[in-house]
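These notes are about the structure you will find just below.
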Amino acid sequence: MAVLSQPAGLERSIKDIISLLTKKYVKHRTGISRAVYLTLFLALAKRIHNAIAEQKSASEIHAGNRAGTRKLAGDDATGATGDDGNNNGKEGGSSRKKVGLNREFLRNLLRLLKIVIPGWKSKELRLLISHSVFLVLRTLLSLYVAELDGKLVSSLVRGKGREFLLALAWWMTVAVPATFTNSMLLYHQCQLALQYRKRLTDHIHNQYLSNMNFYALSALDDRIKNPDQLITVDISRFSNSLAELYSNLAKPILDMAIYNYSLSKNVGGEGLFIMALLVQLSANAMRVLTPPFGKYVAEEAKLEGEFRFQHTRLIDYSEEVALYHGHESERDTLDKGYFTLIKHVNRILRRRLYHGFMEDFVIKYFWGALGLILCSVPVFFKIPAQITSSMGDRTESFVTNRRILLSSSDAFGRVMFSYKEISQLAGHTSRVASLLEVMDDITAGRFQKKLVSSASTDSNAAVLSKRGTIIESDSIEFTDVPIISPNGDVLVEKLTFTVHPGEHLLIVGPNGCGKSSLFRILGGLWPVYGGTVKKPSFEDIFYIPQRPYLSRGTLRQQVTYPDDLKEMHDKGVTDSDLYDILSIVEISSVVDRPGGWDAEEEWRDVLSGGLQQRIAMARLFYHKPKYAILDECTSSVTLEIEKVMRSLWKYHKKILQFDGQGHCIFTSLDWERRLKLEDEKEDIDLQLRAVPELERRVKELTTA
């Protein structure tokens, strides 16, 4: 018997210890709770501090890596070399950036938020406030519905039909504002996404189409490979993601706060705290195991842009590809781009499969089991201010707490899922912000472009870091100005010439010697890397390229481009005047087409190359500038018209001749002697072409 009494005594001792600890806990419950909450707060503060320190350390290392890059253009511009340069061209950033939830993301997001929500009186802020009101209303309605659930089940258990029907009537009554609230939430979310896109698109269009940024973005800088993809697709995705994130993040956080407060009163703060601790531990484990979806989204968008660009390129050069029968080669290129995209998408799908399995198991089942234990606390333990004496009361309490807990768990689950949505938003934010940053650099005159091998010397890099002087003047004057391509090739070391009003300058030289490059400097497209350039204002110089541009619009707009009908009338020009201009270039017959001046066509497909160049010449007579730059603008016209254009040599008194070796000669032009030399050159060329035939005939006569 003595042996059997030892376990009984031990059991009584354990019960006494538990009772003593329980009494002490109840006595000091307030102090213990405060100490626990203070500890949790300090732990959270320490965690945030460590995260900031890690991010700061990573930023310092990143800045140190950037310090060694080559200076390319401007005092503050740094170029990218090696792998970083390749990454710049693909990712569209000033350096290799990690896409994720970091301070860089917050900085970019804050910048974009200032654009999409410009002020306190903006429509977007009013939509956000209205959206928030409906979010709060939705949460309060959900809490009331949870209480109705408990009353419905309680009345069924008690067998009280009248109370059941009354609760059911209230259920149906609450359904009206609840469904209306859901519809308004969706409406506000779509409206916010639309307004965000409108604000951001307007802002980027203003910056993209000013100061020739659209040209410099592709010609002088290679960080952004596909601005069309960023403007048309990524802005839309960013706007939708931002609008969805507010709804999918603000409401769950509000739900968690209200539902957890109600649960703490129903089941006690201790049980809720223990469950929250277990949930937080499992959530941290899930976060560690979550793949970098933000990086994947940015990479997918980049691959989609490249695949779309390949198709666009095929459309632009369809005729050339068809003439070369290059469809097999182009198909291989397209298939390779598509295979790369699909391979990456499949990789993302596999990662989402494993991640989704983990999330569903933890959120639905593990957290669900914890919830059942929590809701059963009032049944097995007495909770202050809770009356659960009868079966109906216990049933009502369990059902109400269960419904609140499910709603709170659903809210917490959406917060967890929102981490993935935030990562996706980080990817879209990175791409849109990179476009803004590059355009800011271009506006400030800072360009980054990967140098070709011939320009990879320190001397050329030093030249590219300099800037020349531009002075507005009535004359065109270059003094010791180097002509350097965006790739860093020095086409002309020093160029010096002067053209006064009324003078005509003929520029000749082999292909690639710098003639068109000189025109781009005059037009303000390329920066001046040294010397002094004096030139008139932009309005006083008109440029006619070898490949004329025909806009979308009426036939009238092709002649007056870039002026519209109102600006044409403001200049006092009529359709009759335009007809006279077309008569000068001998293409007045185009007005006889159906629709006349108001006809709208895709003019680059309707008009031949020669007619397009004559339209460009008509623009010159319409605008009447002080200076005209003609860049081989007669390459597609007939021989008769070209002979007429050659006769214009007699109006040129000066000539600027490039030798293709980086040097040039600026001197007076003897047009008569020049024309004779050209004619003699053509005769000699004809005679040389006949030499092989004469040699063959001599050989036949010798062997006969």
(message) Need the failing condition index for residue 225 against (1) modelled with pLDDT of 85 or more; (2) surrounded by fewer than 21 Cβ atoms within 10 Å (Cβ to Cβ); (3) of a type outside the set (Val, Ile, Thr), just the number.
(response) (1)
(message) For the condition at pLDDT below 85, over 30 Å from residue 292 (Cβ atoms) and in a helix (DSSP H, G or I), what is the one hit in 393, 410?
(response) 393
(request) May I ask you to list pairs of residues, at least six apart or on different chains, whose Cβ atoms are under 7 Å apart, with the first in region 671-687 being charged (D, E, K, R) and the second being part of a helix (DSSP H, G or I)? (result) 674/649
(request) Determine which member of the set 456, 485 is under 33 Å from the mean Cα position of the chain (by Cα), more than 18 Å from residue 527 (Cα to Cα) and at pLDDT below 85. (result) 456
(request) Return the total of residues in region 212-232 being of a type in the set (Ser, Thr, Tyr) and over 14 Å from residue 432 (Cβ atoms). (result) 2
(message) Of the residues 315, 348, only one is surrounded by 12 or more Cβ atoms within 10 Å (Cβ to Cβ), at pLDDT 85 or above, out of contact with any Leu (no Cβ under 7 Å at 6 or more places or on another chain) and assigned to a helix (DSSP H, G or I); which?
(response) 348
(request) For residue 238, indicate whether it is at pLDDT 80 or above, closer than 30 Å to residue 449 by Cβ and surrounded by fewer than 17 Cβ atoms within 10 Å (Cβ to Cβ). (result) no
(message) Could you check region 464-476 and list, in sequence order, the residues that are surrounded by fewer than 17 Cβ atoms within 10 Å (Cβ to Cβ) and either among the β-branched types (Val, Ile, Thr) or modelled with pLDDT of 85 or more (or both)?
(response) 469, 470, 471, 472, 473, 474, 475
(request) Can you work out which of the residues in region 186-211 that are more than 19 Å from residue 434 (Cβ to Cβ), surrounded by fewer than 17 Cβ atoms within 10 Å (Cβ to Cβ) and aliphatic (A, V, I, L, M) is farthest from the chain's Cα centre (by Cα)? (result) 186
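The values are calculated or read from the model by the stated rules, or taken from the named source; none is laboratory data. Everything numeric here is computed off the predicted structure, so don't read it as measured data. Please note: Cβ atoms are built from the backbone with ideal geometry, for glycine as well, and neighbour counts cover all protein chains shown.
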